[in-house]
1. Please tell me if Tyr158 is more than 15 Å from the chain's Cα centre (by Cα) and among the aromatic types (Phe, Trp, Tyr).
2. Among the charged types (D, E, K, R) and more than 14 Å from the ligand (Cβ to nearest atom), is that true of Asp287?
3. Go through Leu263, Leu291 for me and flag whichever is of a type outside the set (D, E, K, R), over 28 Å from Pro326 (Cα atoms) and without any contact (Cβ under 8 Å) to a residue 60 or more places away in the chain.
4. Confirm whether Glu389 is among the acidic types (Asp, Glu) and at pLDDT 95 or above.
5. Only residues that are assigned to a helix (DSSP H, G or I) and crowded, with 16+ Cβ neighbours inside 10 Å: list them for the range 399-422, please.
6. Run down Thr91, Thr56 and say which single residue is under 16 Å from the mean Cα position of the chain (by Cα) and of a type in the set (S, T, N, Q).
7. Would you say Leu128 is of a type in the set (A, V, I, L, M, F, W, C) and within 17 Å of Phe28 (Cβ to Cβ)?
8. Residues in the range 23-31: is at least one within 30 Å of Phe253 (Cα to Cα) and in contact with a strand residue (DSSP E or B) (Cβ under 7 Å, 6 or more places away or on another chain)?
Amino acid sequence: MQEIAVRMTRRNHNAFVHLLGALESQGFDLGEMLITKDFNEILKARPKVVLYSFFTEEIWGSLPQEVRLLKERGVLLIAGGYHAIAMPKHTLDQLGFDIAVIGEGEEVLYHLLKTLKRTNYKITRELLNITGLAFYLNGEFVFTGFSKVEDFWRFPPYPESVRLISPIEITRGCPFGCYYCQTPYIKGLRMRHRPIDQIVKYSRRMKDMRYITPNAFAYGSPGAILKINKLEALLKALQPLRKEGRRLFYGTFPSEVRPEFVLPETLELLIDYADNRRLAIGAQSGDDAMLRAMHRIHKVEHVQKAVEYMLEYGFEPVVDFIVGLPNETPESQRKSIELMEWIIKKGGKVRAHYFMPLPGTPWARCKPSPLSEEMKKFLGRMAAKGKIEGSWGKQIELSRKLQNLMDEFYEEPMSYIGTVRKVC
Ligand code: SF4
């Protein structure tokens, strides 16, 4: 009988593939686990413990119903992922989980499962020795500290005994600290990179080689500067795999690049060594004052330069914007419209997102600004013409739910970097 089940979903697939690789490499037998995207299979299997990993946006989906059904059956529920890390009390008290994993999960999950197995899946004092957990012990809330895995490449990205693959996480952490983004506060401000030989070894398993990184052009760098030699070394090392018929997608889904890293030298590398002719960058706003306010570090001119370079080198620019940013005036929104129009006229694509106050970020308690009539009309018109993608419409509703959640259940986040600066 498999006592442990892993509730895979489309959204947590990549995270669990990496975690399962880490568990197995530490000696955990994955044969003891039921790993499935089918919730009914989990119900039928009657496991003693189920592992979940989810984002805050998912707590309004099927999650509460699943938790209820499993709790009725006396299953111990473990939550990881961004929501559990940023809001452990909400995860335990409101969502009904028994244990929240706080921080990077590779080691903590291994020790947790080993300990639970020994204690017949009961919460005992033994869990106090494991860094990276939040749970209740005799009615008292316990937090054992934030779990960090500085050298995450000690663990392979994929397991061997189970046939699962995903884009490989090649870089973890981000130094830019944008106030709306969870990555730096949960993964740290220092960029750490998986070594090239390991990336090559595991890339062999992919048909289309894709990677997870906050800024694909920053490979090999401490984060804020370009290390072109390191980037070139990685791309070069992947060439034999391309020659065997695999395609290399770099700086595009599921990753992107920072605008100021889009330069003739980085684009030339892609032309020589990669298959994508589409590149995703984050602009976020057309107003320098807003970019400063959200701690983006780059300016509008970096976005314009990046778009011009991409077009010159034959790349389709895909540019992300956030609309409804905190304290965004109609004038700021007009500047974003102007930049979007300019990008579209040049032949680029725009993706528009509505501001969402994500837990664990400095902007968690900030309120979105209403969209000006001009912005609403512009987005509607451009979407109808197929010039703008993105789900800002649905995100307005989601953003409202997040604001209510923050108003009612705000928690000081457990963070990689210590205290998260509050900006609102
Ligand atoms: S938005 Fe991108 S650049 Fe900014 S902190 Fe997040 S990952 Fe880093």
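The values are calculated or read from the model by the stated rules, or taken from the named source; none is laboratory data. Fair warning: this is a prediction, and the values are worked out from it, not measured in the lab. Cβ atoms come from the backbone with ideal geometry, glycine included; neighbour counts cover every protein chain shown.
1. Details: more than 15 Å from the chain's Cα centre (by Cα): yes; among the aromatic types (Phe, Trp, Tyr): yes.
Spelling it out, Tyr158 is indeed more than 15 Å from the chain's Cα centre (by Cα) and among the aromatic types (Phe, Trp, Tyr).
2. Working: among the charged types (D, E, K, R): yes; more than 14 Å from the ligand (Cβ to nearest atom): yes.
Judged against the criteria, Asp287 is a match.
3. Working: Leu291 fails: over 28 Å from Pro326 (Cα atoms).
None of the others qualify; the one that does is Leu263.
4. Working: among the acidic types (Asp, Glu): yes; at pLDDT 95 or above: no.
No: the conditions fail for Glu389.
5. So the first thing to find is which residues in the range 399-422 are assigned to a helix (DSSP H, G or I), and the list is 399-409.
Within the range 399-422, Ser399, Leu402, Gln403, Leu405, Met406 qualify.
6. Numbers: Thr91 fails: under 16 Å from the mean Cα position of the chain (by Cα).
One residue alone meets the criteria, Thr56.
7. Details: of a type in the set (A, V, I, L, M, F, W, C): yes; within 17 Å of Phe28 (Cβ to Cβ): no.
Here the answer is no, as Leu128 does not meet what is asked.
8. No: zero hits.
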